[in-house]
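Here is the structure we will look at.
Values in this text are rule-based calculations from the coordinates and carry no lab data. Values in this document were obtained by computation on a predicted structure and should not be read as measured data. When we count neighbours, we look across all protein chains shown, and the Cβ atoms used for this are built from the backbone with ideal geometry, even at glycine.
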């Protein structure tokens, strides 16, 4: 099975990683650079949820 975790714009990888680290910090999850397979599902979901929340807020703020 091919990896679906491919960045369409490779130059965006650093910005996405920074965004993920900021979101993790906001929800109190300690991420490290590289592999974070030791996170619980709850922790990983919290980070992803925070990222989505911030993206939606940014989009909504742009509509105003």
Relative contact order of the chain (C-alpha contacts under 8 Å, at least 6 apart) in percent is 33 percent
For a quick check: sort 41, 46, 25 by the number of other beta carbons within 10 angstrom, fewest at the front.
41, 25, 46
